[in-house]
Amino acid sequence: MMKVAILVDGYNVIYSSPLLKRLLKKSAYRAQEGLIRLASNYFSMKGVEGYVIFDSYRRPCQDTEKEISTNLKIIFTGKGKTADSYIERFTSQYKSYYDYIYVVTADYSQRMTVIDKGVLLLSPQNFLGEVETCQKALTKKYSSIPPESHLRVSDYLEDGVRKKLERIAKEEN
């Protein structure tokens, strides 16, 4: 199986998405959370390792890495570091480990730097298009399941409790 990593410059993607940009106007946290949710579904469905990197170079701390799932890690860069510098370091260190490394960024200088390292590029718009296609496939897959096959809370109740609740529901109608 091929080893694939996708590195996402978080704020580049947020600023390229009308929905995420609206969330950003409310709070950076909400926009980050929205992107993380989208990325998590996408990376899980594709079966690739994903990294979403957010600039936090003004914070007085080290890089912070949070593993959201087996397919997704979130990185907040540390003091004096940008998402670009993290991506450049990652691609240099792990180029031989992965069969393919994709970088999602709109930053022209970043694109030129990673192209020189043999890394594949995706624009934020193309990445968001891929994510949307994946979301539609998930929705189609799970909305086509007949409602009677969905599990209900009552499926887990003991017979006596379930009958009592059914009786109460009938009395209210």
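The values are calculated or read from the model by the stated rules, or taken from the named source; none is laboratory data. The shown structure was predicted, so the numbers you read here are calculated from the model rather than taken from an experiment. For neighbour counting, all protein chains shown are included, and Cβ atoms are generated from backbone atoms with ideal geometry for every residue, glycine included.
Annotations
- Some residue of segment 49-60 being modelled with pLDDT under 95 and within 13 Å of Phe127 (Cα to Cα): no
- Residue within segment 83-100 that is under 19 Å from Arg37 (Cβ atoms), at pLDDT 90 or above and not in a loop (DSSP other than H, G, I, E, B) present: no
- Of all residues in segment 131-156 being surrounded by 12 or more Cβ atoms within 10 Å (Cβ to Cβ) and touching a helix residue (DSSP H, G or I) at 6+ places or on another chain (Cβ under 7 Å), the one that is modelled with the highest pLDDT: Val131
- Residues that are under 20 Å from Val48 (Cβ atoms), touching an Asp or Glu at 6+ places or on another chain (Cβ under 8 Å) and not aliphatic (A, V, I, L, M), drawn from segment 77-97: Tyr86
- Cβ-Cβ distances below 6 Å connect the following pairs, each with a first residue in segment 125-137 that is in contact (Cβ under 8 Å) with a residue 12 or more places away in the chain and part of a helix (DSSP H, G or I), a second residue that is among the small types (Gly, Ala, Ser) and surrounded by 13 or more Cβ atoms within 10 Å (Cβ to Cβ), and a separation of six or more residues or different chains: Gln125/Ser16; Leu128/Ser17.
Residue by residue, here is whether (1) surrounded by fewer than 22 Cβ atoms within 10 Å (Cβ to Cβ); (2) more than 26 Å from Tyr108 (Cα to Cα) holds:
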residue	(1), (2)
Met1	yes, yes
Ala28	yes, no
Phe43	no, no
Ile53	no, no
Ala83	no, no
Ile87	no, no
